[in-house]
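The values are calculated or read from the model by the stated rules, or taken from the named source; none is laboratory data. Note that this is a predicted model, so its numbers are computed, not measured. Reconstructed Cβ throughout: ideal geometry from the backbone, glycine too, with neighbour counts over all protein chains shown. Calculation scope for accessible area: heavy atoms of the full protein, side chains included, ligands and nucleic acids excluded. Shrake-Rupley method; radii C 1.70, N 1.55, O 1.52, S 1.80 Å.
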Amino acid sequence: MHKLSSNTAIPRSASYGRNFEETLRLCREVTRAFRGSEETLRCIQRVEECLKRVVAERN
């Protein structure tokens, strides 16, 4: 299984329109409804944190 670090870089060229905002919203929904392993939940939460940083940098 591939591990994500908390400082995973996301290329700026991937930021188009509202895609990150929508992905962040969906990530939050998944986190709230998730009923799986703690390890998987931590991965989802790290993705959510990365998305929050990207959205904050764009604004």
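Structure notes:
- Pairs, first in contact (Cβ under 8 Å) with a residue 24 or more places away in the chain and surrounded by 12 or more Cβ atoms within 10 Å (Cβ to Cβ) in region 20-45, second part of a helix (DSSP H, G or I) and of a type in the set (Gly, Ala, Ser), C-beta under 9 Å, six or more apart: Phe20/Ala14
- Residues of region 46-59 that turn out to be assigned to a helix (DSSP H, G or I), out of contact with any helix residue (DSSP H, G or I) (no Cβ under 9 Å at 6 or more places or on another chain), under 11 Å from Phe20 (Cβ atoms) and open to solvent by 80 Å² or more (accessible area, probe 1.4 Å), as a count: 1
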